Amino acid sequence: MLILRIHRATTALADGRLDEAFGLAQAADFQAHRKGQKVIGRLARALIERGREHLSAGRLADAKQDCDKVAALAGNLPELAELRTQIEQVVAARRKAERHRGDVLVAAREQVDNGRLSIAGQWLEKCDQPSTRIDVLRDQVAARRVQAEEALRRARQAMAREDWPAAAAALIDARRAHPGDAGCAEVSAELARTLTQRAGAAIDQGRLDLADSLLEPAEQIHAEALEVRELSRFLDQCREAFSCVEQGRPREATEILRRLLVVRPAATWLGKASSATQQAAEQIEALRSGPLGWLDHDPEATWGPPARNGDRPGREHPSRDRHGAEAVILQPAKGPHPRGAEALERGPNRAAPAGPLPSRLLFHVDGVGSYLVLRDRLVTLGPVSSSRHPEVALLAEPGLPVAAIERTDEDYFLSCDAGVQVNDAPATRKLLANGDRIALSARTRIRFSLPHAASTTAVLHLAGTRLPASDARQVILLDRELVMGPGPAAHIRADVLPVPAVLLVHDGRLLCKTSELVLVNDRPLDRNAGIPLGARVQVGAVSFVVRAA
């Protein structure tokens, strides 16, 4: 039987059936026989030769299997050691080439994500070996070029027919496909230049509605341009002047209109408007100083019993309450207060707030602006058309992502599943710091700030958007206190106040702590009752109204 197996192995070896011969030669008696050893020697050399052929063809796994078979039959022959070295060299070269392809793929994908398609193409040309992933990326680069060219073509056609919103939308699509395209930047600059020129002409003609509609697409595609920002600020000042007129403050509107006239002397309607508001201010002052002005006083304060000897109008003086915070109490003053004398004789205003303080408040500060104040720890921001109904609904383009800002201890975290731009870098979750710039889109931008170093109340400054049914451009995320006063450290900046006023929430009431005289509907504030909603509050030279939003 052994001789028969040796003969069968010899025949298989001669016919090139090396695997069959290897299977027969593995038996111990086969390897112990002299004729079997001769067959094993010939078989080992044949396997080594076949391993070299596998290596030349790139079949490394088959070459390694032949090496293992030779080692099992004949041990570590010199030819086998040489073949193993060659295989290891080829494996190392393949690994190096694979790492190179991976590096090229990562670099090229990064350039594609940044919109630099030309540089991405140069990276891909450095990889001469075939790769499915690189071929897919090449197809993506080509497809994005085609998309950008098609979007630019649509933008030019829309500009030719003066369809400015469609042109801006097409340019936004072109930027998404190829942000680094020089043609896209050229057409964007041309569109912004055309729109700002026409918006400026519309402003000079008094067509502010037309100017606003022209600036909207300009802000979408070129909001950082100086001309666009200047005209946007101009229209914001016009809105502020109109708000002053609506609120019965024509003198402040006059000041704003005169400043705007210096900026755009060609807008002759500004001079007529400022003259009209000046006349309105003079007429209102004349009415107030006439017989009707007597109705602005409390009869008891005017005709009531005289003050006792030694009594003197009081003013508010800072003290400390049991919580260690500044409290406002009435102390004898060193001199008369023009408005406080009559107010103090009437006694404090004890109108208690109706129910607990809402979580959403609207502050309107005369001569300063309007502010949306939110007390919740988690606040969402997004377009008003979003199905998620964000707490801060913005008049922005539909389809924008909804972002959430959450206060945890003394930190604020921004999160957005779809991703937004924070300081010009994409982010889905980020710890916010003072001065961070959040961009929901190229036009809709938000600046996050923590004005006061000792307060964790944050302020969101809106740009390129606003809140519906409100002229508020700032959102205050109230933690414990809100500072209103002079300088950039205040959440509500009111430079006419000599000292800050601190508004804080305690036991469901809104309290005011300041050394200035505080009047509620022309009566001194009862610090225990707090500020009632809808009442007119006077803090020094600043007046404001707090309402539920």
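For the range 8-59, report the accessible area per residue in Å² (1.4 Å probe, heavy atoms, rounded to an integer).
With the other protein chains kept in place, the range 8-59 gives 54 Å² per residue.
Taking the highest mean first, how do the peptides 219-228, 269-278 order by number of other beta carbon atoms within 10 angstrom per residue?
Put in order of decreasing packing, that is 219-228, 269-278.
Using a Debye calculation, one point per C-alpha and no hydration shell, please list log10 I(q)/I(0) for the range 399-534 at q = 0.10, 0.18, 0.19, 0.21 Å⁻¹ in order.
Results for the range 399-534 at q = 0.10, 0.18, 0.19, 0.21 Å⁻¹ read -0.41, -1.07, -1.14, -1.28.
Sort largest first and round to whole Å: the equivalent ellipsoid semi-axes of the range 22-91, each the square root of five times a Cα gyration tensor eigenvalue.
24, 10, 9
So for each of 56-69, 512-525 I average, over its residues, the number of other beta carbons within 10 Å; can you give me the resulting order with the highest mean first?
Top of the packing list down: 512-525, 56-69.
Based only on Cα atoms, what Rg/Rh ratio does the range 168-236 have, Rh being taken as Kirkwood's radius?
1.01
Given the peptides 167-178, 499-510, arrange them by the average over their residues of other C-beta atoms within 10 Å, most packed first.
167-178, 499-510
How large is the convex hull of the Cα atoms of the range 199-239 per residue, expressed in Å³ as a whole number?
56 Å³
Send over the semi-axes of the range 365-418's equivalent ellipsoid, whole angstrom and largest first, taken as the square roots of 5 times the C-alpha gyration tensor eigenvalues.
21, 19, 8
The values are calculated or read from the model by the stated rules, or taken from the named source; none is laboratory data. Fair warning: this is a prediction, and the values are worked out from it, not measured in the lab. Note: ideal-geometry Cβ built from the backbone for every residue, glycine included; neighbour counts use all protein chains shown. These accessible areas exclude ligands, DNA and RNA; they are computed on the full protein's heavy atoms, side chains included. Shrake-Rupley method; radii C 1.70, N 1.55, O 1.52, S 1.80 Å.
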